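Enquirer: What follows is a single structure, and I will ask about it in a moment.
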Amino acid sequence: SPKKIEPEQSKKKPGKTEEAAKSEETARPTPEKTAAQDAETNTSDTVYNKGLAAYKASKYKEAYSIFSSYLEKNRTSPLAANARFWLGESLFQQKEFELAILEYQKVIADYPKSSKAPAALFKQGQAFEKLDEKDTAKIVYNKLLADYPKSEQVEMAQKRLKELK
């Protein structure tokens, strides 16, 4: 259950000295994260950051491997959508466009409300362009415009659609 925050004077227990009440308060384990959970979260964030660092250093195979292992243990983490997106980006940079498209699709399907979903759609369109599948790229860009009209990728998608006509 969530920890209650109470004003200092209501924490004192009737019939107990102030010291006894305070020692009882500190002796109680907090229902928040345990040290093990904290360590696990910090470790997983560290793994994610290692993957991002590898990607930024143009070590795409290494980044792919790190993000893959991150997702094995952290499928429901708040960074899971981002990790999945970076898997796609790592493949895209290695010119593995078909595989990148599949990874981007997992972002769109599994995390449709994530900020990475419209980015994944846009990158999918770019990957289809690289595969010289311009009609499919147009479909993907139009889907982005329809599904995520307020996303920051809208302008870029509109520009790509104009260039593909």
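Enquirer: Compare the peptides 71-78, 103-110, 48-55 by average per-residue count of other Cβ atoms within 10 angstrom and give them in order, highest first.
Expert: 103-110, 48-55, 71-78
Enquirer: My understanding is that a pair violates if its Cα-Cα distance is over 29 Å; which of LYS50/LYS162; LYS56/LYS150; LYS61/LYS106; LYS61/LYS130 do that in this structure?
Expert: LYS50/LYS162
Enquirer: May I ask you to give the average projected area over all directions of the convex hull of the Cα atoms of region 60-165, in nm² rounded to one decimal?
Expert: In nm², the orientation-averaged hull projection of region 60-165 is 6.2.
Enquirer: Using a cut-off of 11 Å between beta-carbons, work out the net charge of the residues near PHE128 (Lys and Arg +1, Asp and Glu -1, PHE128 not included).
Expert: Summing Lys/Arg as +1 and Asp/Glu as -1 gives 0.
Where a number appears in this text, it was derived from the coordinates with a stated rule and is not lab data. Not measured: the values here are computed from a predicted model. Cβ coordinates were reconstructed from backbone atoms using ideal geometry, including for glycine residues, and neighbour counts include every protein chain displayed.
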